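Colleague: Encoded as structure tokens, here's the structure I'll be asking about.
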Amino acid sequence: MLLLSDGVDPENRRFDPDDPYVQSAINDSVRAGLVVYTLFGSTAPSADDSSITVNGGQSLLNELTDATGGYSYWAGTGNPVTFKPFFDDLDSDSRVSTRWSSPRRWRASPPLNR
């Protein structure tokens with residue numbers, strides 16, 4: 001599974017290594033056999049945010065990916081210019097099944113003949 005996030009809980013922006021939402025995500029992912037990969041994408045910071053908040057969010061993402069066997073991607077504490085190098089790395093990982101497609105209009109499928 002690929003998750004794009006800043007890792008920060010909008011309701012409680014302080015870093016909590018025992019964040020119950022992260023622990024729940026870890027438990028649910030492990031139980032389902034999901035390997036989680038994360039791409040760090042920063043949101044608009046609030047007035048109270050500091051580098052501790054951003055680093056804390058990245059730490060929580062790391063906690064999730066470490067527990068599930070995935071990997072966290074980021075380029076410092078800001079948004080990368082492009083996610084392409086991260087997607088290329090995922091494509092080269094033999095454990096990851098990727099199917100990228102370009103957006104297209106939805107069309108109804110013809111009925112199946114059995």
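Colleague: Roughly speaking, what is the stretch gain from Lys84 to Ser24, that is 0.36 nm per residue apart minus the C-alpha to C-alpha distance, in nm to one decimal?
Modeller: Full extension of this stretch gives 18.6 nm more.
Colleague: Highest first, please rank the peptides 28-38, 66-76, 10-20 by the mean number of other Cβ atoms sitting within 10 Å of their residues.
Modeller: 66-76, 28-38, 10-20
Colleague: What distance in nm separates the simple spin-label points at Ser92 and Asn12, each placed 7 Å from Cα in the Cβ direction?
Modeller: 4.0
Colleague: Also, quick follow-up: Once you have a ≥ b ≥ c as the square roots of the Cα gyration tensor eigenvalues for segment 2-92, tell me rounded if a/c is under 1.5, and otherwise prolate or oblate according to whether a/b is larger than b/c.
Modeller: oblate
Colleague: Distance in nm between label sites at Thr77 and Val35, each 7 Å beyond Cα in the beta-carbon direction?
Modeller: Simple spin-label model gives 3.2 nm for this pair.
None of the figures in this text is laboratory data; all of them are computed from the coordinates on show. All values derive from a computational prediction rather than experimental measurement. So basically every Cβ, Gly included, is an ideal-geometry build from the backbone, and we count neighbours across all protein chains shown.
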